[in-house]
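**Student:** Provided herewith is a single structure, encoded as structure tokens, for subsequent inquiry.
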């Protein structure tokens, strides 16, 4: 199962699309991250961006986004309806697949420390990552907002950050980082501009005022729509369903002589939450998720899907993607051997050395998975270049140039796979030499997988070089291939010899 983390950072800018676009671009600049959604709200003066990826890639993207926001957003000039203490106000991590909450908490701590150390922005940890019970609730951390926290962080030890100095960044304020379950940002607009009514309804439904356990809510005025809004965070829709909150808001609004005009979901929502609403309003007592057409048409995600795609007549994914997969498998096998060695009797002498190797393998395995996607994307660019018009001499020249440039990029991706395979091979020598003897055959299979990754990627570099007209580039690449291949061949021969000897 691929390790996927979702990140949903909130930024204090909802009126300048060009600023939000630069933040989005900083996220997209990280390989292995997929942008899911971006929302802006002028009244709240806030943007919410959702993206997913492997843990290390998501951490890097979140840091780059925070850095960009700190350069572009000045909270001294910021006004909006939504509470905030930072240019990057809050960064929640959400474990999606193959990742535990504990791993995401560690990710949050690493990001928090990096933001404080490198950007000079104090960081608080919240929700599941909170270091104190009173900081589980984001509202407690945001108390007084940017303006009130300026002095409180200096004078009140209770407001000291988890990372960084007790002093706000002069323009970027502070940032809150944490881990939570999938959250639904849900807003309900009323047929009145009276924000006091929205406040009363918010108090009726939110947990800290005696309402539903998994609801946070505030009342806001939307000047653009001339109405009041009940802004809601559903922190666990499986225990407090969406339809129940909506019905309560509707009933409370009737008490004050107003009605619900519309509601909206900001960002993404789990399908199950909407299915629950359909079952409630349509009274579908025996409805099953298998009755949803799309669920029957969509096969289970994972390796079987990938193999079906690989076996199809489509040119993507292809050999370069398969080579990177071999690299990920080889790296995973070496991680397994390391795990079977650490803590085992008879291997105490080598434990620290093998632990150090194990800690470095995870990020490299994730990088192989990212290279699978990069290989497929690079080949798509080649295909697009070949489809360019060639009716005139100018068009033919432009097409030839585009093809050559696309092939360069397509050659560089498998070269990165080769270099990564060699990097892992250099790293795992202690596992081959001192790893648990009962699993030494797995180290041998890992070696063969990394060798297959290296050789498969090399073939993909060579086939792309054939269409590149830049001879200097081609010559340089060929020299690099020869150097890398010589070292890889030596390591494979050495490791297989050790494996054979230790198995005897």
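**Student:** Look through region 307-331, keep the residues that are free of Cβ contacts under 8 Å to residues at least 24 places away in the same chain and in a helix (DSSP H, G or I), and return whichever of them is farthest from the chain's Cα centre (by Cα). Give the steps one after another, and end with the answer.
**Tutor:** Here is the first cut: in region 307-331, the residues free of Cβ contacts under 8 Å to residues at least 24 places away in the same chain are 307-314.
Retained after the next criterion (residues that are in a helix (DSSP H, G or I)): 307-311.
On the way: 307: 24, 308: 26, 309: 24, 310: 25, 311: 29 Å.
Among residues in region 307-331 that are free of Cβ contacts under 8 Å to residues at least 24 places away in the same chain and in a helix (DSSP H, G or I), the one farthest from the chain's Cα centre (by Cα) is 311.
**Student:** Within the bounds of region 427-445, is there any residue that is within 27 Å of the chain's Cα centre (by Cα) and either more than 13 Å from residue 337 (Cβ to Cβ) or surrounded by fewer than 23 Cβ atoms within 10 Å (Cβ to Cβ) (or both)?
**Tutor:** Looking through region 427-445, at least one residue is within 27 Å of the chain's Cα centre (by Cα) and either more than 13 Å from residue 337 (Cβ to Cβ) or surrounded by fewer than 23 Cβ atoms within 10 Å (Cβ to Cβ) (or both).
**Student:** Further, regarding this structure: Looking only at region 333-345, count how many residues are free of Cβ contacts under 8 Å to residues at least 40 places away in the same chain and in contact with a helix residue (DSSP H, G or I) (Cβ under 9 Å, 6 or more places away or on another chain).
**Tutor:** Of the residues in that region, 4 qualify.
**Student:** Residue by residue through region 61-81, note down the ones that are at pLDDT 95 or above and touching a strand residue (DSSP E or B) at 6+ places or on another chain (Cβ under 8 Å).
**Tutor:** If the condition is that a residue be at pLDDT 95 or above and touching a strand residue (DSSP E or B) at 6+ places or on another chain (Cβ under 8 Å), then 61, 62, 65, 66, 69, 70, 73, 75 are the ones that fit.
**Student:** Out of the residues in region 264-287 meeting the condition of being loosely packed, with under 12 Cβ neighbours inside 10 Å and outside any helix (DSSP H, G or I), tell me which one is modelled with the lowest pLDDT.
**Tutor:** Selected residue: 286.
**Student:** From 462, 415, grab the single residue that is in the same structural domain as residue 358 (by TED's automatic domain parsing), out of contact with any strand residue (DSSP E or B) (no Cβ under 8 Å at 6 or more places or on another chain) and in contact (Cβ under 8 Å) with a residue 40 or more places away in the chain.
**Tutor:** Working: 462 fails: in contact (Cβ under 8 Å) with a residue 40 or more places away in the chain.
Exactly one residue qualifies, and that residue is 415.
**Student:** Any chance region 249-263 includes a residue that's closer than 22 Å to residue 36 by Cα, surrounded by 12 or more Cβ atoms within 10 Å (Cβ to Cβ) and modelled with pLDDT of 95 or more? Full working, then the answer.
**Tutor:** Step one: of region 249-263, the residues closer than 22 Å to residue 36 by Cα are 263.
After this cut, where a residue has to be surrounded by 12 or more Cβ atoms within 10 Å (Cβ to Cβ) as well, the list is 263.
The next check asks that each one be modelled with pLDDT of 95 or more; those that pass are 263.
Yes; the residues of region 249-263 include at least one that is closer than 22 Å to residue 36 by Cα, surrounded by 12 or more Cβ atoms within 10 Å (Cβ to Cβ) and modelled with pLDDT of 95 or more.
**Student:** Just to check your reading of the model, which residue among 161, 95 is crowded, with 20+ Cβ neighbours inside 10 Å and more than 20 Å from residue 70 (Cα to Cα)? Before the answer, list the steps.
**Tutor:** Details: 161 fails: more than 20 Å from residue 70 (Cα to Cα).
The conditions single out 95.
**Student:** Which condition number does residue 121 fail, the rest of (1) surrounded by fewer than 23 Cβ atoms within 10 Å (Cβ to Cβ); (2) in a loop (DSSP other than H, G, I, E, B); (3) in contact with a helix residue (DSSP H, G or I) (Cβ under 8 Å, 6 or more places away or on another chain) being met?
**Tutor:** (1)
**Student:** A further question on this structure: Can you name the number of the only condition in (1) over 12 Å from the mean Cα position of the chain (by Cα); (2) in a helix (DSSP H, G or I); (3) surrounded by 21 or more Cβ atoms within 10 Å (Cβ to Cβ) that residue 57 fails?
**Tutor:** (1)
**Student:** In region 124-141, how many are surrounded by 21 or more Cβ atoms within 10 Å (Cβ to Cβ) and either under 13 Å from residue 168 (Cα atoms) or modelled with pLDDT under 95 (or both)? So that I can check it myself, show each step before the final result.
**Tutor:** Going through region 124-141, the residues surrounded by 21 or more Cβ atoms within 10 Å (Cβ to Cβ) turn out to be 124-127, 129-130, 138, 141.
Now restrict to residues that are either under 13 Å from residue 168 (Cα atoms) or modelled with pLDDT under 95 (or both): 124, 127, 138.
Counting residues in region 124-141 that are surrounded by 21 or more Cβ atoms within 10 Å (Cβ to Cβ) and either under 13 Å from residue 168 (Cα atoms) or modelled with pLDDT under 95 (or both) gives 3.
**Student:** Name the strands (runs of 3 or more DSSP E) wholly within region 167-257 that hold at least 2 residues that are closer than 23 Å to residue 128 by Cβ, in contact (Cβ under 8 Å) with a residue 60 or more places away in the chain and within 26 Å of the chain's Cα centre (by Cα)? Before you say what the answer is, go through the steps one by one.
**Tutor:** On the way: elements: 175-179, 184-190, 215-222, 227-234.
Passing ranges, in order: 175-179, 184-190.
The values are calculated or read from the model by the stated rules, or taken from the named source; none is laboratory data. As the structure is a prediction and not an experimental result, all values here were calculated from the model. Please note: Cβ atoms are built from the backbone with ideal geometry, for glycine as well, and neighbour counts cover all protein chains shown.
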